[in-house]
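**Q** Before we start, here is the structure in question, set down as C-alpha cells.
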Amino acid sequence: MLGRRLYTTAARFVTSAKPTNGFVGAIGNTPLMRINSLSNETGCEILGKAEFMNPGGSVKDRAALFVVEDAERRGLIQSGGTIVEGTAGNTGIGLAHVCRAKGYKCIIYMPNTQSQEKIDLLKMLGADVRPVPAVAFDNPENYNHQARRCAELLENAVWTNQFDNTANRQAHIETTGPEIWAQTGGKIDGFTCATGTAGTFAGTTRFLKDVSGGRVKSFAADPPGSIIYSYIKSRGKEMIRGGSSITEGIGQGRITENLRPDIHLVDDALKIPDSDTIRMLYRLLDEEGIYLGASSALNVAAAYEMAKMMGPGNTIVTILCDGAYRYQSRLFSKKWLESKELVGAIPEHLKKYIVLA
C-alpha cells in the first residue's frame, strides 16, 4: 500500500514528455509562473514565462537556435564553420551552447560595458569573445558592424545578425506565443516585455494578436535611454533617446527589422525607470523567491503597471528573461548601487539582500 502511494505521489511530478534530443531539444516549453504577491495585490493574474529555465539560462536560447538553423537551411554554413554575432550577452551565450552542440566555432563581439559574469561564461563555453567600445549603431565601429565584417573575412562563416534577422522573430511566432496561449488556455488579456532585438516582443505579439483576433493587448516596456517608448507614444513621429539604464540587452536606438513588420500591432508603451526595476528585482526575491536579472524585473514592473491600468480580472503575461546570477556582482553590490544612486530606491526591509561590498 505504501509503495502504491509513493508511486502515485511521484507520478504527479513526472512529465509525460520523452527525453529531449540533446541541448537543442530542451529549448522552449518553459513554465508559466504566477507572480502571487502582485496578482493578489492587483486582482489580476500576473504571469511570468520562466525563460531562465531554458537549458542555456535565458530566452535567447530560442533565437540562437532559430538563427543557426535558418543559416543551415539556406546553405550559409557547413560542418565545422563559424558563427559570428554581435550581442550584449545572452544571445551570445545561447549561440555558444548551440554551436558546441552542433560542432560550430563561435565568435562574439560585445560592448565592453557588459557584466564580467557574461564574458566569463562565454569564454567557458569556448567562444572567442571580443569586447569592443560601446558606440551607437550608426558608428561603423559598433559591435554589430564589427561582427559582420569579421564574418565576411572568414571562410565558411556566417553573421547571424540577430537584430535584423527575422528568424529571431519567427522563433517566438512558432514557440513562445503558442506556448503562452496553450498555458493560459487562451485566457490572456495583455502581454508586455521590453525590446532589444525585439524578436521576443514582436514575435509573441504577432502570434497572440492573430490567434485572439486582436483581443490581446500588447504594451512595449522600455528602459531609460531607449527610443521605443517615444516612438510608439508619438506614433512614429519622435525617437527621443535620453539617459541610460542599468539593464543589459534591452532598449533600442532604432526600429529593428524584427519589430518593423509588427509595430502597428503595439497598443501602448510603458517607460520603466531604473528605480522601479531595482525595487521590483528585490521585491521578487523577497516575496516570491525568484532570483531575476534586471531586464526580467523591468518586465515584471511593466506587467504590474499594465495590470493596474487594465484593472482587476485581467490576465497579464510577461517574460522572465534570465536569472540574476549573470549580474550578481553588480545588482547586489552596495558600491555599485550607490554609484547608480539606486540604494534609496530599495525599501529598508529589502536592503538585507545587498550582501556584496
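**Q** In this model, which of Lys209/Lys237; Lys60/Lys102; Lys237/Lys271; Lys118/Lys308; Lys49/Lys271; Lys49/Lys123 are farther than 26 Å apart at the alpha-carbon?
**A** Beyond 26 Å: Lys118/Lys308; Lys49/Lys123.
**Q** Separate question: What translational diffusion coefficient, to the nearest whole µm²/s, does region 48-202 have by Stokes-Einstein, given a Kirkwood radius computed over alpha-carbon pairs, a temperature of 37 °C and 0.692 mPa s viscosity? It would help to have the intermediate numbers written out before the result.
**A** Details: Rh = 16.0 Å.
Value of D from the Cα-based Kirkwood radius: 206 µm²/s.
**Q** Here's a follow-up. For a quick protection proxy, order the peptides 68-78, 34-44, 223-233 by their average other-Cβ count within 10 Å, most packed first.
**A** In descending order of packing, they fall as 223-233, 34-44, 68-78.
**Q** OK, next. Which Cα, out of Ala26, Val68, Ser234, lies furthest along the positive dipole direction of the chain (beta carbon charges, K/R +1, D/E -1)?
**A** Farthest along the dipole direction, towards plus: Ala26.
**Q** Let me ask something additional. Can you give the log10 of the normalised intensity I(q)/I(0) at q = 0.09, 0.15, 0.17 Å⁻¹, computed with Debye over equal Cα scatterers of region 152-297?
**A** So the normalised log intensities are -0.31, -0.82, -1.01.
**Q** Looking only at Val317, Val300, Val266, which one moves most when the chain is put into a Gaussian network model with springs between Cα atoms under 10 Å?
**A** Result for the chain, Cα springs under 10 Å: Val266 fluctuates most.
**Q** Using only DSSP helix segments of four residues or longer, with each worth -39500 (n - 2.57), what per-residue ellipticity at 222 nm results for the chain after dividing by its residue count and rounding to 500? The partial results should precede the final answer.
**A** On the way: 15 runs with 141 residues, N = 357.
Mean residue ellipticity at 222 nm (helix-derived): -11500 deg cm²/dmol.
**Q** Determine the percent antiparallel among the DSSP beta bridges restricted to the chain, to the nearest 5.
**A** That works out to approximately 15 percent antiparallel.
**Q** Under 15 Å between alpha carbons, and skipping anything fewer than 8 positions from Lys334 in its own chain: which aspartates and glutamates qualify?
**A** Partners found: Glu348.
**Q** Related question: Going from the alpha-carbon gyration tensor of the chain, what semi-axes, largest first and in whole Å, does one get by taking the root of 5 times each eigenvalue?
**A** Equivalent ellipsoid semi-axes, largest first: 29, 26, 22 Å.
**Q** Please identify the cysteines of the chain that lack any partner cysteine with a Cβ under 4.7 Å from their own Cβ.
**A** By the Cβ distance rule, which asks for a partner under 4.7 Å, the isolated cysteines are Cys44, Cys150, Cys193, Cys321.
**Q** If one computes the Cα centroid of region 149-192 and of region 13-90, what distance in Å separates the two points?
**A** If we compute the Cα centre of each part, the gap is 10 Å.
**Q** Given an 8 Å cut-off on Cα distances and at least 6 residues of separation, report the relative contact order of region 202-357 as a percent.
**A** 20
**Q** Calculate how large, on average over all directions, the projected area of the Cα convex hull of region 237-334 is; give the answer in nm² to one decimal. Walk me through the numbers on the way to the answer.
**A** Details: hull surface 31.3 nm².
Average of the hull's projected areas for region 237-334 equals 7.8 nm².
**Q** So for each of 182-188, 49-55, 292-298 I average, over its residues, the number of other beta carbons within 10 Å; can you give me the resulting order with the highest mean first? It would help to have the intermediate numbers written out before the result.
**A** Numbers: 182-188: 14.3, 49-55: 21.9, 292-298: 29.1.
Packing proxy ranking, top to bottom: 292-298, 49-55, 182-188.
**Q** Label Ser212 and Arg130 with points 7 Å out from Cα along Cα→Cβ: what is the distance between them in nm?
**A** So the label points at Ser212 and Arg130 sit 4.3 nm apart.
Any read-out appearing in this document is the output of simple, stated calculations on the displayed coordinates, not a laboratory observation. No experiment lies behind these values; they were computed from the predicted model shown. Positions of Cβ are backbone-derived with ideal geometry, glycine not excepted, and every protein chain shown enters the neighbour counts.
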